[in-house]
Amino acid sequence: MNPSMSRDTPAIEMRNVSCRFISPDGKATIALRDFSMSVARGEFVAIVGPTGCGKSTTLSMITGLLKPTTGEVRVMGAPVDGIDPRIGFVFQADAVFPWRSVLDNVAAGPLYRGRSKSAAYDEANEWLRRVGLDKFGKHYPHQLSGGMRKRVALAQTFINRPEILLMDEPFSALDMQTRTLMQDELLQLWAGAGSVVFVTHDLEEAIALADRVFVLTARPATLKKVYEIDLPRPRVTSEVRYDPRFIEISRDIWHDLREEVQIG
């Protein structure tokens with residue numbers, strides 16, 4: 001960390017950001033309008049909103065893959081300028097090399113970042129153990145279940161020790177039981193070690209995981225409301241859903257979100 005940077009400096013800051021796309025036929029589409037968000041270090045934030053409102057666009061701007069039309073995006077106090085190696089990204093689709101073994105997939109990140117082969121593979125074996133795949137290092141992605149491939153994706157990401165983790169509906173393709181297990185897996189691996197921005201369509205998932213939930217309006221999206229999730233940690237997602245406070249928060253957020261879904 002830059003020694004001149006205060007611990008109070010947000011990990012992520014989006015200031016009055018708007019993003020406009022021009023289609024091939026020349027029509028302009030506004031994905032985000034005057035959107036602001038601040039994420040503290042070690043904070044877990046979830047973003048929910050109607051389909052197509054621009055949730056994933058926020059992640060693309062944080063990574064530097066997309067520039068805002070107006071406004072400013074800052075990471076660790078500095079304006080975003082290109083791809084930042086401190087950021088990890090977990091996609092909805094499995095971002096694994098199908099021709100490589102599980103162990104080779106997980107070791108790829110450290111090798112790319114200059115670690116020695118022995119150190120990279122030692123780390124990869126340790127992360128496979130942490131995600132419960134230590135007996136599957138020689139397997140290939142097509143030999144794994146959906147939940148196991150998602151564990152590979154988490155190991156691939158966490159092995160690089162990201163200070164910021166961006167997640168775009170990473171568990172949406174999983175069945176409910178596996179999804180719940182993966183949510184708990186994520187919380188155990190994260191445990192406040194970095195900042196997380198988690199995009200999801202699942203309101204219950206957002207509440208179970210996050211410290212705060214940002215609700216977006218229908219497109220062109222802007223921030224409708226921010227909800228503090230005052231449920232104690234550590235959480236077990238399969239159990240926290242029955243907490244009366246969880247049900248109360250879910251009802252309140254759904255009231256706001258339903259209006260936007262109907263508009264959308």
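Brief remarks on what is shown
- The set of residues from the stretch 67-116 being in a helix (DSSP H, G or I), among the hydrophobic types (A, V, I, L, M, F, W, C) and open to solvent by 50 Å² or more (accessible area, probe 1.4 Å) comprises just one member, Leu111.
- Across the stretch 205-224, the number of residues qualifying as more than 25 Å from Arg20 (Cα to Cα) and over 20 Å from the mean Cα position of the chain (by Cα) comes to 0.
- Qualifying residue in the stretch 225-242 (condition: farther than 22 Å from Met176 by Cβ, open to solvent by less than 10 Å² (accessible area, probe 1.4 Å) and either under 18 Å from the mean Cα position of the chain (by Cα) or not small (Gly, Ala, Ser) (or both)): no
- Note on the stretch 202-245: residues that are within 17 Å of Leu257 (Cα to Cα) and in contact with a strand residue (DSSP E or B) (Cβ under 7 Å, 6 or more places away or on another chain) total 21.
- Number of positions in the stretch 34-63 that are at pLDDT 90 or above and either over 17 Å from the mean Cα position of the chain (by Cα) or not in a helix (DSSP H, G or I) (or both): 15
- Any pair with Cβ under 7 angstrom, 6 or more apart, that starts in the stretch 116-131 at a residue that is within 17 Å of Leu181 (Cα to Cα) and ends at one that is open to solvent by 60 Å² or more (accessible area, probe 1.4 Å): Leu128/Asp134
- Residues that are part of a loop (DSSP other than H, G, I, E, B) and not assigned by the TED database to the domain that holds Leu186 do occur in the stretch 124-131.
- Filter result (surrounded by 13 or more Cβ atoms within 10 Å (Cβ to Cβ), of a type outside the set (A, V, I, L, M, F, W, C) and out of contact with any Leu (no Cβ under 7 Å at 6 or more places or on another chain)) within the stretch 131-143: Gly132, His139, Tyr140, Pro141
The values are calculated or read from the model by the stated rules, or taken from the named source; none is laboratory data. What you see is a predicted model; the values in this text were computed from it and never measured. Positions of Cβ are generated from backbone atoms using ideal geometry, with glycine treated the same way; all protein chains shown enter the neighbour counts. Keep in mind that these areas ignore ligands, DNA and RNA; they rest on the heavy atoms of the full protein, side chains included. Shrake-Rupley method; radii C 1.70, N 1.55, O 1.52, S 1.80 Å.
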